[in-house]
């Protein structure tokens, strides 16, 4: 089971944080800080696995990947395969890349909601449901369409109409 | 009304969206924290708006700030519920997202969302249902899970895969929170294993993988289904998950291993996916380690990983090796070169794994070499890894009471060397081991004292805070085993050196106590010698070492000299060779003459009257200054030793210059004092069992469980001292102590009259909490004497003890070059480790597994009743329709057939006739597994349990999860 997905930049600023078990916000921030402290101390071209037991409880492992200015971090337990997790990060990033056309940090910063939509299609409550980026894209597009439709209805805000009627 | 709606229009028109918020935050016109607090203010206003758009945008911003910047949003939970209930997808999404970010089991408004969730779960818009499922997967509580189980059950067979696989995944959380849901949903969950849609299979297998991590045994009956997937599936993700499940099941059922080993090896050979191959390898080495050919195949794969370019694969290869190490050490030894090479890798993960492997290779025969290599390596590596190395050496060598250590002298020296490594931060472990070895291994004490002396004497070590604990142990060792020391005076020098003021008070107190032990030992030797001289060999003994041999051991002298020389060479210490020669000679001497009442250690000869007086003077000087120390422990002990020294000194000086007869007489007085003190220290300390306390029966009338709550009321009128540790305020010691501390000091002579009156008053009011008063009041200083001279009149015994002790260590020395037998390590009967409390599985898990067993039991039952023609037609439908609800009756129906288990699962009934035939052939084995099952049937779910008891003889058989034999 995956217990958290984090995206942070190389300065340690979180860009996306998804925890699949409830943790108080202070604890979340502490975890992000700890993870960053570990990641930034690791040189390039070394293995992508880190023992996460010290800050995430027993049996916790961490896989990360470094792309340009961003770290993508998955934290998981013994029910997942390390290499498969590494592949999953790849799938996630590929999906982002297709979705935003050459994804960069700014896309991640400004598309908080969409990032979550994409992630939710891949991982559901800590379990991986979809490993194909094409399928994810399809679902995300539909959801985006639905969102756009519902906000189009909303072009005349309810408050305005109610105000007029009065 | 107009006012409020117009304000909401204004809000709406000028409201910042999430994008605006992010943009302005990036402009950094304000500091981040002040910008955020300003935004929160804004959000608090906006979120109260009646306009859903404004409200939801505010909530979105708040969720963002909470998720990224760690801002608390629990205050907004009611607004979250409001936004969730919007009919617009856009808003609903924001609401659900906010809920999954911020809600937890203790969120009060959770009760309000049940209906909303139910509505959305059954919505025709499957994206709405998907939102609800997502939310449930992170926030479902017992109540939500219970109330929504029927809705989730419906979705489990949804025609839309998009929804169905999410419903499957959410079942995991539902089962976790509400185990009874198993009775409703499990069947359908299992059916989904058959699905032709790979996405559904991914979801179901994922759920079973998680479920099996908690209680694998319950899922054994599903093994055939998993096996089919293992053989048929082409999806690597699914295969990995199935392998994970089998890795948990295989150890429970040996026959399972035989079946799966071949397909797994096939995957290893065929698959190009590294992740799958690695998972296969891991499964083989963890769970199929008895299948030799498979293990060999796995190890060849591991070797490929070890030499790969990719550090990830190298790391995983090492990791796999260390998993294999306990059972297949040959695999590690085969790859020894790669492992040792990895110690130099730039990746710290790889280094640590390789270190672990090296430690796994350690055995009695090579521990010395490997430790030597690693210690050299530690010297030149970075602090972190250095300590990693030291830590693993310490754990490996200390494991199971130093199981692999034969030569304790070597090990104790190694501990000393570790301390000298500049980066060493393992103070606590080394401290523990030094003391532990001291107490457990008599034969190592001599070396221990030497090492302790080397550590104590080095002033540089005192400056390193990480080493203070080790020095503490060294000081204790030096004091406790001072009779083995070559030069006690040197120890005293080391213990009182000026830099000891760098030590924390608690450790300083240990130093001071050790000084007391050493001084009393020196004095004892001095007095003993004096006694000896005055009684018989007056002149001869004073004249020198060699003469003493002759005098005392006229018969054995030549032999002794030889032993002396032998042992001198064995001593590797670099310090004063003459001294050590003398020491070892004398030890031999004392050994050979246990009949000699007088202990003849070399050191003793050094104690002339003058040197003793000097020693006492110095101690008086040093501890005189400590009697004003701020710390109670230090102060108290320094005072004790100060007073002791003054007492002794007065007598010794008084008697100087008088003739031998009077000296003898007068000294007898202080020698009693010193002997009593020595006797107090002579009791040998041994390891104490961790359960020792429990074996002491509480005396009658000792109320341990009394509720002392009303103490609070009593203590209310007492001002507790502000600092936790009791510091005395220097000269105004007496006046500052208040009533509560006077409680502690009630027998203290320095207690002042006003204190004792307040104490008396307190006692009058709360007599309940005082000890019975008659004794302590009549004789307030009735403290039991440190030791009773009457009971300790056997000085001879002590000397004998000592000689025996030295004898052993010397014997050990003599044989160093031959195969040295491992010394006795004291081991307690009932184990030295804390008894592992019986792990009682949580009730919840228990009930979950119980429920699953029930359901799986029912699943196999229909097939059991196959021979009953009446039942046959109905069971399948029944299984689907009334699953769980009328289990007991189903059981009853099956009673008659329980003895002929036809292990067939309805789902797979038509699949393989041949398999079924095989199953019948193996019925005997099937019953065997029934027997096994019987044992664990004890923890079963409540209602069923009573029922089961009523029908126990037959039901037990029918209920146990029968492992379908065609697989096995």
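The values are calculated or read from the model by the stated rules, or taken from the named source; none is laboratory data. Quick caveat, the model's predicted, so the values are computed rather than measured. Every residue, glycine among them, receives a Cβ derived from its backbone with ideal geometry; neighbour counts consider all protein chains shown.
Go through segment B:33-52 and report how many residues are surrounded by fewer than 21 Cβ atoms within 10 Å (Cβ to Cβ), in a loop (DSSP other than H, G, I, E, B) and away from chain A (no Cβ under 14 Å).
Adding up the residues that qualify gives 0.
Over 20 Å from residue B:516 (Cα atoms), under 28 Å from the mean Cα position of the chain (by Cα) and part of a helix (DSSP H, G or I) - does that describe any residue in segment B:470-490?
No.
Condition first: surrounded by fewer than 24 Cβ atoms within 10 Å (Cβ to Cβ), outside any helix (DSSP H, G or I) and touching a helix residue (DSSP H, G or I) at 6+ places or on another chain (Cβ under 7 Å). Now tell me which residues in segment B:409-462 satisfy that.
Those that are surrounded by fewer than 24 Cβ atoms within 10 Å (Cβ to Cβ), outside any helix (DSSP H, G or I) and touching a helix residue (DSSP H, G or I) at 6+ places or on another chain (Cβ under 7 Å): B:421, B:423, B:424, B:425, B:441.
Can you tell me which residues in segment A:47-60 are within 13 Å of chain B (Cβ to nearest Cβ) and under 24 Å from residue A:108 (Cβ atoms)?
Scanning segment A:47-60 gives A:48, A:49, A:50, A:52.
Just to be sure, is residue A:63 at the interface with another protein chain (Cβ under 10 Å from one of its Cβ atoms), buried (at least 21 other Cβ atoms within 10 Å of the Cβ) and assigned to a strand (DSSP E or B)? If you could, list the steps in order and put the result at the bottom.
Working: at the interface with another protein chain (Cβ under 10 Å from one of its Cβ atoms): yes; buried (at least 21 other Cβ atoms within 10 Å of the Cβ): yes; assigned to a strand (DSSP E or B): yes.
So residue A:63 passes the test.
Please work out which one of (1) within 9 Å of chain B (Cβ to nearest Cβ); (2) closer than 16 Å to residue B:68 by Cα; (3) touching a strand residue (DSSP E or B) at 6+ places or on another chain (Cβ under 9 Å) is the condition residue A:1 fails and give its number.
(2)
Can you give me the number of residues within segment B:92-120 that are touching a residue at least 24 places away in the same chain (Cβ under 8 Å) and either within 27 Å of residue A:6 (Cβ to Cβ) or not in a helix (DSSP H, G or I) (or both)?
Qualifying residue count for the region: 16.
Within segment B:282-311, work out how many residues are within 11 Å of chain A (Cβ to nearest Cβ) and buried (at least 23 other Cβ atoms within 10 Å of the Cβ).
Here the count works out to 3.
Within segment B:57-90, how many residues are assigned to a helix (DSSP H, G or I), closer than 23 Å to residue B:130 by Cβ and facing chain A (nearest Cβ under 10 Å)?
Final tally of qualifying residues: 7.
Here are A:7, A:35, A:25: which of them is more than 11 Å from every other protein chain (Cβ to nearest Cβ) and farther than 24 Å from residue B:342 by Cα?
A:35
Within segment A:119-129, is there a residue that is part of a helix (DSSP H, G or I) and more than 12 Å from chain B (Cβ to nearest Cβ)?
no
Of everything in segment B:91-100, what is within 21 Å of residue B:141 (Cβ to Cβ) and facing chain A (nearest Cβ under 8 Å)? Give them in sequence order.
Across segment B:91-100, the qualifying residue is only B:97.
Mind checking whether some residue in segment A:73-94 is surrounded by fewer than 22 Cβ atoms within 10 Å (Cβ to Cβ) and away from every other protein chain (no Cβ under 14 Å)?
Taking every residue of segment A:73-94 in turn, at least one turns out to be surrounded by fewer than 22 Cβ atoms within 10 Å (Cβ to Cβ) and away from every other protein chain (no Cβ under 14 Å).
Filter segment A:35-58 down to the residues that are surrounded by fewer than 20 Cβ atoms within 10 Å (Cβ to Cβ) and over 19 Å from residue B:347 (Cα atoms) and list them by number.
If the condition is that a residue be surrounded by fewer than 20 Cβ atoms within 10 Å (Cβ to Cβ) and over 19 Å from residue B:347 (Cα atoms), then A:55, A:57, A:58 are the ones that fit.
Take the residues of segment B:1-32 that are modelled with pLDDT under 75 and in contact with a helix residue (DSSP H, G or I) (Cβ under 9 Å, 6 or more places away or on another chain): which is farthest from the other protein chains (Cβ to nearest Cβ)?
Looking at the filtered set, the residue picked out is B:11.
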